[in-house]
Amino acid sequence: MRETSKLVALAGGIAFAASLAYAADQTILGKALTVKDPTAGVDPTKRSIKGSAKEKGSSATLVGDPTLAGSSGGAFLDIFAFGTHPTSQRFRLDQKVSSTGKPFWSKLGSTGFKYKDTKGEQGPVKSVLIKKSPNGLFSIKAKLAGKNGTINVVPPDSGTSGCMALDLGESAVVMGDRYSVQFGVDSKIKNVDAKVFSAMKPTNEGICPLVVVTTTTTTTTVATSSTTSSSTTTTHASSTTTTTMYGSPSRAFLEKVAGLLD
């Protein structure tokens, strides 16, 4: 299924970021999602995530091109682990040139795209593949390693479901589609305390929620005075909050945003 929606950042206090721009939602049948934290919070570098989707005879289409130069290319990967202690995280996968002189994103002929960053130059995402074969097999794969960058998604202890989404596009000008891979309660769920969460072979598809990153700035004023002089010192502190938004934006919001894009 392909559902059209347009999202852009708005000025002011609205939490939407420009990184949430995409053309439409498509859903792909999941295969497996595994979230590991072997030391249960002791050593974050040991964390890892693997996610995959495999849909035979898929009606989904590839919309977007992460190999385009600059902000026109690239992609975003969203990972969710739901349960007692839910976590989610968005990973930015820019199209740049690695230290080996090769671009992070490359084409797989006319069938798809792959991302490779084994050294962790852009973060914990080691590899991503999205492909549709001539026979209609649509597949998505992603691998992440904590030794290459920060992974905040951990086993929910205990977990009930998960989701993975790949957004092919970084800007509101050149937008690709967002591909959601849902691992709902219909999946085969496995929990090993706070060390392992896995969801396999779901029977249903669905759209992942949105991960919105909001940065707020607070200002503190400290005044000091004496009989001969006075001074005022102002300091600024920024904090970043990750919020998971469930459901879809209202129709009124989408119509307003769509008008800004025209």
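The values are calculated or read from the model by the stated rules, or taken from the named source; none is laboratory data. Keep in mind it's a predicted model, so treat the numbers as computed, not measured. A quick note on method: Cβ atoms are made from the backbone with ideal geometry, for glycine too, and the neighbour counts reach across all protein chains shown.
Tell me yes or no: at least one residue of segment 101-115 is over 20 Å from Asp25 (Cα atoms), at pLDDT 95 or above, in contact with a Cys (Cβ under 8 Å, 6 or more places away or on another chain) and not in a loop (DSSP other than H, G, I, E, B). No, because not a single residue in segment 101-115 is over 20 Å from Asp25 (Cα atoms), at pLDDT 95 or above, in contact with a Cys (Cβ under 8 Å, 6 or more places away or on another chain) and not in a loop (DSSP other than H, G, I, E, B). Residues of segment 129-154 that are within 18 Å of the chain's Cα centre (by Cα) and of a type in the set (A, V, I, L, M, F, W, C): Leu129, Ile130, Ile140, Ala142, Leu144, Ala145, Ile151, Val153, Val154. Count of segment 27-39 residues, restricted to those that are out of contact with any Asp or Glu (no Cβ under 7 Å at 6 or more places or on another chain) and part of a loop (DSSP other than H, G, I, E, B), is 3. For segment 147-164, a residue qualifies if it is part of a strand (DSSP E or B) and not hydrophobic (A, V, I, L, M, F, W, C), and the qualifying residues are Gly159, Thr160, Ser161, Gly162.
Residues that are within 16 Å of the chain's Cα centre (by Cα) and surrounded by fewer than 24 Cβ atoms within 10 Å (Cβ to Cβ) were ranked within segment 155-175; the one that is modelled with the lowest pLDDT is Ser171. Among the residues of segment 170-177, is there at least one that is in a strand (DSSP E or B), closer than 25 Å to Asp117 by Cα and touching a residue at least 12 places away in the same chain (Cβ under 8 Å)? Taking every residue of segment 170-177 in turn, none turns out to be in a strand (DSSP E or B), closer than 25 Å to Asp117 by Cα and touching a residue at least 12 places away in the same chain (Cβ under 8 Å).
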